[in-house]
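First the structure, in the form of structure tokens, and then the observations on it.
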Amino acid sequence: MRDATTNALQRRLTEPDLAAGTIGLLLGLALLPLAFVSSDILAQMLPVVLVVGCGLYQLVRFEGGLQQQVSPLERISGNGLDVLSGLTFLGIAGMAVVALLTDGRTVPFFVVAGLTGSAIFGQILFGVERELRPGLILAQLIAFSLVVRYAALLTTPGLMGVDAWTHVTDYAAAIDGANSLSAIADVKYVAAPIYHLVVVTVAEALRIPLRAALYASIGLVVPIASLFVYAGGRYILPVRWSLFAVAAFSVADHVVRWGLHLIPTSLGLVFFVGVLYALARIFVVGPTWRTYALAVGFSFATILTHQLSAFVLLVVLGAAAAVSLLANRGWLPYDVHAGLSVPALFGTYVVAVTVNWAMTPTRTGSFLLRMPDLLAQQIFRTAQFLNLVSAPATTEATGFAAPGVPFQIALLDSVGFLLFTLTAVIGSLALLRRGTADMITLVVVGALVVTGTFTLVLPLFGVNAFIPGRWYAFMYVPMAIVAAFGAWYVAQFVPRRVAVASLLVVAVIFPAGMLIAHKATLDNQVAGQHYAEYSYSAAELAAVETVGATVPDTRAPLVTDHPYRTVFLRTDAFDAEPLQLRGPPPSTYLYRDYQTTGAPTVLVGETPVTTTVDPGQYCGPETERLYANEDVLLCTAA
Amino acid sequence: MFGDHLRTTTAIDGDSHAHTLDVRLTAALTIIAAVLVAMPVEEPTILRAVAGLPLLLFLPGYAVTAALFPARADSSVTHDSAILHPGVRAVSTVERLVLSVVASVAIVGTAGLLANAVVGVFLVPILLLVVLGTLLASLIAYSERLNLAPNQRYAPLQSLRGSTGRWRPTSAAAWFLLAAAVAGFLVVGASGVAALTATGDGVTEFYVGGETENGTIAMGEHPRSLTVGEPATHYLVVDQHNSGVTNYTIVAQRVIGNGTNASTGEIGRYDLTVPSNDHAVQSIEITLDEPRESVQINYYLYAGDAPSAPDGETAMRTLIVDVSAAES
């Protein structure tokens, strides 16, 4: 008995997957009390996910001894797959019709989209291996992804998000007008202008407005680039699980987000996935100049598109290079060897990114010199354990859920992400097992660990200087591959009934859960009382234009909610300040119906708060009403 | 070694046309599309899109991918359950597709960057660079492909032509799939067209202001401090983002005092015709007969005729301004 216990302990310490699982389990248990000190849903639930994932893995590993299931789980034969594929196409058509009839992505749209997404996952998870037609499933997935995004893009007036207004109506328009990048000479994007140049070129070539050019170019490329996850996944995974990875990535909330809020981050993500694909090819096919050219080309394209994407890539390539060097030195508990191709790629990248950042202007010198200073200031100013910063305006930066949201709503909003994380935890442990692990899988786990650290761990300590909210979509690339391993592990080694039930839960809940998450629904929040919409009605945008054109600049800044005020600022229409609930009434106030029906953010003292505002509060009979349209009133103190 | 060369040369003679059809087509389409896009004539947007989108989002990347990976993926190692290993010079069809699209974007962006450095961000130089890059890549792809043994070459158009294993519906379920896919494609396409051409419900804006020195209307700059007996002009603007001419009625109402002591009097009714997607301005003269510290002027906007007792409940839009009057 004592010998058995000793053996189990020894095994736990010497087997890397078991050792990592034990550390994960202990870490999860240690973090469980976070639920008592933080109201953030991720701070509350991620430790639970870590404990469940690590515990489940260890349990199966010990109980089953990794005995593979004798009979496969798949049950849907060729005819069944054809019917399900047909239903998926009809579902996609239904989504388009519902979006058109209900004028946007409303709840009925998400019901149809959830069911259609489940049909795609159902085919992938339960289709008979030899009957799976990857081309057909990928066609469904791309069609589905395009309809999910374009249903929002084509039914929403103007642009979505905050930064898109600056990039399109300011930077791209300036380049288009001046026919030169000198129009943005004092902006950091002068050294990373690919996004703007593509939009301007398409607009000029097709003679269409910049917004239409954006949707016809970047809007189309972002969902198609998801195929890189499948292409790269195929160097690591069999067809079924590569399909699972690309499906998980395509419907993931932050990936959908960057397909709606089309800014340089979106294109940066596209090139980033391209580099990871090339990296997989380098490890599996070999470091030929052809693949190396792809990796270098996409790396440079990332640098020339977006500074933050370039930084994420720097971190990921650094992790890949470190794993390679550790493997070469024999310091990893695996019999793997990587050569020097990836460290060389990393070195090339460091030189290129250094040169580019040295030429990137900021207000106080080059980006290269300014960035470390900014980061140090940010880190020392905000760093503190559990300093999640309770301001809604900072949810963009942290990526954590907005505070004040009821637990059930926040849980519903995060269920897709939590399921994704659970599967990825199991997958990363399965990947660390001797016999499964090779260089590329270790690099994928390494990439997930470093991106996960920047996305989820550093914000726990108040370090938001790296804008962790922007890292999620990048983290999802290795996470999708690792989660596919997790799903494979469940299908292969977990007792049959449990496995079927688990994968059914994934197929039914995951796509719908991700699609309704607030980051994926900038245009029309499902929980509209709790999460802000970053899209505007035609009336709201008409007010921006008219106020900007007809109100004299000498007037005091107008006051309105966040994010509406950002449109005034980003389009340079008029100076706008956030509504302050405490203090004297504003002299010029812009009310919109969304302030009563939605989730606007206003200031209470210094604190941003999501609350509704009654029209009579600052637009009552004692004020002058100078402007009115369907949704907007402009009132001034009489 | 010489034998290899001889074999390659023979292969060029025999199969080069069929095996490089896609590359030559890419080069030809690139030139045609570039000419169509660069022509200084007003073509329909759809024609420009049909020519311009492949030119900017597919063809350059396809040529570069063909140059880098001239070989076809060996189908024997791409078994469903196996890990992909297509070979050093080959990529799978999915890889080729996504590489074509993403590389095209990178190439167009880089062409824009180069054009900016030389002449500026103008369409023609960018197109010229894209075309030159695509033709160069096509040339390399042509040469690379012919340097391979015929059975190793990636030749998609020949594969399509000679394919015998094309999928054909053989069961009711397969027919259902085909019908659903076609129907889905048509419905999504029609919905997209409908969304693109939708005019929406339109917006009607109503605001008050004063005339500026250059004759435009500045919102909120209407006269507020009046002289007794002297008229002051308020300008009311109706801006409609609707197609079709619309007749509106503006009712101006004066309210003196407040609460139950308020006395209301109508200043006048003004008919205003607003052209399609345009605006119209109505000037209204306000005259106060005695000194007042505060008089509220309500402007009600109605589509068509106004009721006999206009108010904020029935009006389409309501504006409220406050004026005062003093002796001169």
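The values are calculated or read from the model by the stated rules, or taken from the named source; none is laboratory data. In this text, all values refer to a predicted model and were calculated from it rather than measured experimentally. As a convention, Cβ positions derive from the backbone with ideal geometry for all residues, glycine included, and neighbour counts pool all protein chains shown. Surface accessibility is based on the protein's heavy atoms, side chains included, excluding ligands, DNA and RNA. Shrake-Rupley method; radii C 1.70, N 1.55, O 1.52, S 1.80 Å.
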Legend entry - Förster-model FRET efficiency, 35 Å R0, B:Glu313 and B:Phe185, C-beta, rounded to 0.05: 0.10
Legend entry - Per residue solvent-accessible surface (Å²) - the stretch A:101-144, probe of 1.4 Å: 35 Å²
Inset, instruction - Identify, among A:Ala532, A:Pro578, A:Gly94, the residue whose Cα sits farthest towards the positive end of the charge dipole of the protein assembly as shown, taking +1 on the Cβ of Lys and Arg and -1 on the Cβ of Asp and Glu, with the dipole about the Cα centre. - result: A:Gly94
Inset, instruction - Could you check the simple spin-label distance between A:Phe62 and B:Asn151, using points 7 Å along Cα→Cβ, in nm with one decimal? - result: 5.5 nm
Inset, instruction - Take every residue in peptide B:316-324, count the Cβ atoms of other chains within 10 Å of its Cβ, and give the average of those counts. - result: 5
Legend entry - Fraction of beta bridges assigned by DSSP in chain A that are antiparallel (%, nearest 5): 75 percent
Legend entry - Charged-residue dipole, Cβ positions (Lys, Arg, Asp, Glu), the stretch A:556-638 about Cα centre, Debye nearest 20: 100 debye
Inset, instruction - At 0.36 nm per residue, minus the direct Cα-Cα distance, what do A:Thr22 and A:Thr597 gain on full extension? Give it in nm, one decimal, please. - result: 202.2 nm
Legend entry - Average Cα contact separation per residue, chain B, under 8 Å, 6 or more apart, as relative contact order %: 14 percent
Inset, instruction - Sort out for me the Cα centre separation of the stretch A:484-521 from the stretch A:589-618, rounded to whole Å. - result: 39 Å
Legend entry - Neighbour net charge for B:Ser138 - beta-carbon separation under 11 angstrom, K R +1, D E -1: 0
Legend entry - chain A - Cys residues lacking any other Cys C-beta under 4.7 Å: A:Cys54
Legend entry - Cα gyration tensor, the stretch A:533-590 - rounded (a/c under 1.5), prolate or oblate: oblate
Legend entry - Helical mean residue ellipticity (222 nm; -39500 (n - 2.57) per DSSP H run of 4+; nearest 500) of chain B: -14500 deg cm²/dmol
Inset, instruction - Can you tell me the relative contact order of the stretch A:483-638? Whole percent, Cα pairs under 8 Å, sequence separation 6 or more. - result: 17 percent
Legend entry - For the stretch A:314-380: accessible area per residue (Å², 1.4 Å): 54 Å²
Inset, instruction - Using label points projected 7 Å from each Cα along Cα→Cβ, tell me how many nm separate A:Ser39 and A:Glu622, to one decimal. - result: 3.1 nm
Inset, instruction - State in Å² the accessible area per residue of chain B; use a 1.4 Å probe, count heavy atoms of protein chains only, and round to the nearest integer. - result: 50 Å²
Inset, instruction - Note the full-extension length gain between A:Val107 and A:Gln408 as 0.36 nm times their separation in residues minus their Cα-Cα distance, in nm to one decimal. - result: 106.6 nm
Inset, instruction - Place a label point 7 angstrom from the Cα of A:Trp331 along the Cα-to-Cβ direction, then list the residues of the stretch A:341-355 whose backbone nitrogen is under 19 Å away. - result: A:341-347
Inset, instruction - Quantify how strongly other chains surround peptide B:290-302 by giving the mean number of their Cβ atoms within 10 Å of each of its Cβ atoms. - result: 1
Legend entry - Relative contact order of the stretch B:206-328, pairs being alpha-carbon contacts under 8 Å that are 6 or more residues apart, as %: 30 percent
Legend entry - Cα long-axis angle, helix A:307-328 against chain A (0 to 90 degrees, to the nearest 10): 10 degrees
Inset, instruction - Between B:Glu43 and B:Glu211, take the C-beta separation as r, use R0 = 60 Å, and let me know the FRET efficiency to the nearest 0.05. - result: 0.90
Legend entry - Distance from the stretch A:326-370 to the stretch A:179-209 (C-alpha centre basis), Å: 28 Å
Legend entry - Rounded percent of accessible protein surface that carbon and sulfur make up, the stretch B:12-143, 1.4 Å probe: 75 percent
Inset, instruction - Please give the average number of partner chain Cβ atoms lying within 10 Å of the Cβ of each residue in B:182-191, rounded to a whole number. - result: 6
Inset, instruction - Treat each spin label as a single point 7 Å out from the Cα along the C-beta direction, and report the A:Phe380 to B:Arg24 distance in nm. - result: 6.9 nm
Legend entry - Sites excluded, GluC sites (Glu not before Pro) in DSSP loops with at most 11 other C-beta within 10 Å, longest stretch of chain B: B:43-212
Inset, instruction - When a/c is below 1.5 the answer is rounded, else prolate if a/b is larger than b/c, else oblate, so apply that to the stretch B:210-253 with a ≥ b ≥ c taken from the square roots of the Cα gyration tensor eigenvalues. - result: oblate
Inset, instruction - Give, rounded to the nearest 20 debye, the magnitude of the charge dipole that the stretch A:22-130 has about its Cα centre when Lys and Arg contribute +1 at Cβ and Asp and Glu contribute -1 at Cβ. - result: 80 debye
Legend entry - Estimated dipole of chain B in Debye, rounded to 20 [Cβ of Lys and Arg +1, of Asp and Glu -1, Cα centre]: 2760 debye
Inset, instruction - Ignoring ligands, DNA and RNA and using a 1.4 Å probe, state the total buried accessible area between A and B in Å², rounded to the nearest 100. - result: 7100 Å²
